[in-house]
1. Could you work out Rg/(2.2 N^0.38 Å) for the range 26-131, with Rg from alpha carbons only?
2. Add +1 for every Lys or Arg and -1 for every Asp or Glu among the other residues with Cβ under 12 Å from the Cβ of Leu31, and state the total.
3. Between Ser119 and Ala214, what length comes free when the chain is fully extended (0.36 nm per residue of separation minus the Cα-Cα distance, one decimal in nm)?
4. Calculate, in nm to one decimal, what Asn101 and His166 gain on full extension: separation in residues at 0.36 nm each, minus their alpha carbon distance.
5. How high is the FRET efficiency between Glu37 and Lys80 when r is their beta carbon distance and R₀ equals 22 Å, given to the nearest 0.05?
6. Anything over 30 Å Cα to Cα? Flag those among Lys92/Lys230; Lys89/Lys230; Lys80/Lys209, in the order listed.
7. In Å², what does the accessible area per residue of the range 34-94 work out to with a 1.4 Å probe?
8. Just the accessible area per residue of the range 108-175, please: how many Å² with a 1.4 Å probe?
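The values are calculated or read from the model by the stated rules, or taken from the named source; none is laboratory data. This one's a predicted model, so the numbers in the text were calculated from it and none came from an experiment. Heads up, the Cβs are rebuilt from the backbone with ideal geometry, glycines too, and the neighbour counts pull from every protein chain shown. What goes into the accessible areas is simple: the full protein's heavy atoms, side chains included, and nothing from ligands, DNA or RNA. Shrake-Rupley method; radii C 1.70, N 1.55, O 1.52, S 1.80 Å.
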Amino acid sequence: MMSSNSANNLLDEALGFNDDGGGGGGGLLLLIEDRVETSGAFILHHLIKRRLSSPNRPNDVVVFLSFAHPFSHYDRILRKMGCNLGVQKENKRFVYYDMLNLNYPVTDGEKGAEDLLLSVYGKIQKTVELCSSREGYKNSTIMIDDISLMEVALCGSSNLVLDFLHYCYSLATQFDCLVIILNHEDVYSTVDVPSPLLQMEYLANIVIKAEPLATGLATDVHGQLTVLNKGICQGSGCSKGKIRNFHFRVKENCVEYFYPGSRT
């Protein structure tokens, strides 16, 4: 749930994020792929805190679309991490869209879903444009949790999902911001039609995979992370196209990251 308090933990090093809370901007796309049995939500929580809590980035804004949980869920978790989302929401630094109850006429089907998404996109675009006009503005971040549930909510239309993601990506390139999306990879494991995930993997600057251990369940290790950074690293020791693999353990107040075999 909560990420390590270490300023330079293995995850941040793999992402190439520097100590000022950076690592965003430049029209970047970060894709988190997890499994139903190995959630990668803790990565999303970690990135929310980074975007909102850095003293060197006081004007950053997170635009958050949730298809997975109500606001209270994220607020509870981030409070444990020392980040008050309620205050950030009031200050308009955390712009939250509750997508759990998409409301469009059933008779309109996919057309109604498309109109609703266009409306949501228009609001996101307006927020990003407003942020970019602020004095001292640095970056805005668009986060989506998660696109597998987004497809379910949109009458199973992968085309609508893909169109929407492309719209968001175009905002990233136009306004120099970051798009972060979470997806349950194994939702598509029995589907023959290529998922939107394949195109997002191609576009993504960073792909993070959260998976169960190949050796099975363990009491002191909850899963493994594979981070493919295609070359946006800003820190030292991180090269273009580098792949990093390490284990993680989710604890009550933090997440521990460590290399395989480094624990006895």
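1. Working: Rg = 15.4 Å, N = 106, 2.2 N^0.38 = 12.9 Å.
The value comes to 1.19.
2. Local charge sum for Leu31: -3.
3. That works out to 29.9 nm of additional length.
4. 21.1 nm
5. So, using R0 = 22 Å, E works out to roughly 0.45.
6. Long pairs (Cα-Cα over 30 Å): Lys92/Lys230; Lys89/Lys230.
7. That works out to 38 Å² for each residue.
8. 44 Å²
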